[in-house]
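One structure below.
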Amino acid sequence: MASGEQDWKPGSFTKNFSWGPPANGLLELYESIRIGFDGQMEDVARDVFRQRVSQSGHSEYIPINFFLFNKSKNGVDHLVADELVFQALTAPHTTNFDKLAIFALNLSYVGRWTGADAAQRRPALWANSYVSDKVANEYGWDTKRISAKDIERFVAGNPRYKAKSARKLSTNLNYIYEIGHLSDFSNKRVERWWVDALFLALDRLIEDRELDGEHVQSDRYAALLARSSFAQIAGAKSLEKDLATKHLVTLYAACGSRERFSDEHVRERTELKIPDLQWFAANDNRPQGAVHPSNPRILKTIPRACAMLAKYAGFEVIDADELEAFDLQGFIRTHAQRALTRLKDANVVPTMSVEELMRLTRDK
């Protein structure tokens with residue numbers, strides 16, 4: 001069934017999730033993921049996840065039904081370790097995680113599991129459509145116009161919505177948007193959460209196609225992303241984001257796509273792409289950063305094993321310590337100085353100093 005024809009159902013989204021005070025953001029979801037996956041970047045049985053989370057005193061229904069991706073493996077329902085899980089397990093809780101999680105909710109691809117009906121495969125199409133049609137297209141990402149009443153009018157007024165009331169759904173969704181910082185989506189600059197969202201979108205889109213037995217080749221990733229609602233729900237559009245998308249799709253494919261979290265797969269891929277490279281096991285398993293030289297805002301955390309593949313894709317790699325305290329302006333200054341030095345070595349006289357170049361690249 002096409003998403004435009006699928007019924008909208010509130011499901012368990014009308015239940016209270018106990019998000020805590022607004023200052024916590026989506027910390028409750030972050031902690032639930034860490035507990036449910038037991039700190040391991042591996043798919044986990046859905047029942048095991050539920051048991052771990054419920055025993056810790058957290059609620060499991062909202063995470064597994066609206067934020068995470070479900071699929072069956074050998075007849076057992078599992079939750080997939082993808083980009084959202086990677087960020088929860090490898091980075092401290094910040095607003096970057098909250099915005100990535102909000103994006104996951106709005107994207108609304110959560111797979112399927114035993115007993116789920118067809119509508120649960122994309123359970124929050126009401127959120128996807130509200131953000132795409134109202135917030136992005138009509139409001140131009142003026143998030144001050146978002147309210148529980150506005151959401152309720154939009155959802156209840158759509159013939160696809162199949163429930164007696166949309167009030168509880170609307171108040172819950174509005175609250176999550178507030179504490180999850182949907183208001184920051186209006187920024188046209190490339191930001192860390194947006195970079196992660198692109199990887200998460202590809203993870204979910206590819207996994208969803210595989211549920212139907214379709215294997216998506218890497219040369220189709222850009223088209224797959226373009227046909228999805230990614231650009232409509234991932235914040236205000238800009239040329240900078242369009243250019244960054246091309247580089248990030250290349251990085252995603254180079255690192256092994258959905259298999260980038262498997263050290264064994266990455267090692268085999270590295271040996272294939274860079275046969276002369278000698279492989280060494282790393283003592284530090286913390287993620288590294290891949291930054292594109294054309295725009296240092298295009299900064300993606302990647303599994304350490306993917307470092308050489310990222311370089312192969314034209315990215316520069318920064319280690320974990322640098323990643324934690326990444327200095328955008330310092331990176332620009334260093335590269336500008338190197339470029340000017342190369343010009344001088346080639347007997348080309350630059351017409352600008354490093355400081356003048358910095359003024360051109362600095363935010364207004």
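Counting only helices (runs of 4 or more DSSP H) that sit wholly inside the stretch 79-152, those with at least 1 residues that are under 20 Å from Asp196 (Cα atoms) and charged (D, E, K, R) are 83-90, 95-107.
When the residues of the stretch 210-258 are filtered to those that are in a loop (DSSP other than H, G, I, E, B) and of a type in the set (A, V, I, L, M), the one that is farthest from Gly140 (Cα to Cα) is Val216. Looking across Asp98, Asp133, Asp196, one residue alone is touching a His at 6+ places or on another chain (Cβ under 6 Å) and within 20 Å of Ala236 (Cβ to Cβ). It is Asp98.
Go through the residues of the stretch 117-130 one by one and say whether even a single one is of a type in the set (Phe, Trp, Tyr), in the same structural domain as Phe185 (by TED's automatic domain parsing), in contact (Cβ under 8 Å) with a residue 60 or more places away in the chain and within 22 Å of Gly235 (Cβ to Cβ). Yes, because at least one residue in the stretch 117-130 is of a type in the set (Phe, Trp, Tyr), in the same structural domain as Phe185 (by TED's automatic domain parsing), in contact (Cβ under 8 Å) with a residue 60 or more places away in the chain and within 22 Å of Gly235 (Cβ to Cβ). Is it true that some residue in the stretch 95-108 is of a type in the set (D, E, K, R), modelled with pLDDT of 95 or more and surrounded by 21 or more Cβ atoms within 10 Å (Cβ to Cβ)? Looking for residues that are of a type in the set (D, E, K, R), modelled with pLDDT of 95 or more and surrounded by 21 or more Cβ atoms within 10 Å (Cβ to Cβ), one finds at least one in the stretch 95-108, hence yes.
To keep it simple, each residue is scored yes or no on (1) closer than 18 Å to Val80 by Cβ; (2) without any contact (Cβ under 8 Å) to a residue 60 or more places away in the chain; (3) crowded, with 18+ Cβ neighbours inside 10 Å.
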{"site": "Ala201", "(1), (2), (3)": "yes, no, yes"}
{"site": "Glu214", "(1), (2), (3)": "yes, yes, no"}
{"site": "Val249", "(1), (2), (3)": "no, yes, yes"}
{"site": "Gly256", "(1), (2), (3)": "yes, yes, yes"}
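Looking across Asp82, Asp77, Asp98, Asp150, one residue alone is under 24 Å from Lys188 (Cα atoms), out of contact with any Cys (no Cβ under 7 Å at 6 or more places or on another chain) and touching a residue at least 12 places away in the same chain (Cβ under 8 Å). It is Asp98. When the criteria are applied in full, Gly180 meets the requirement of being surrounded by 19 or more Cβ atoms within 10 Å (Cβ to Cβ) and in contact with a helix residue (DSSP H, G or I) (Cβ under 9 Å, 6 or more places away or on another chain). Just so you know, in the stretch 164-177 the residues that are in contact (Cβ under 8 Å) with a residue 24 or more places away in the chain and surrounded by fewer than 17 Cβ atoms within 10 Å (Cβ to Cβ) include one that is nearest to Ala236 (Cα to Cα), and it is Tyr175. In the stretch 58-72, the residues that are not assigned by TED's automatic domain parsing to the domain that holds Asp43 form no Cβ pair under 8 Å with any partner that is crowded, with 23+ Cβ neighbours inside 10 Å, whether six or more places apart or across chains.
The values are calculated or read from the model by the stated rules, or taken from the named source; none is laboratory data. Worth saying up front: this structure is predicted, and the values here are computed from it rather than measured. Counting neighbours? That spans all protein chains shown, and the Cβs are built from the backbone with ideal geometry, glycine included.
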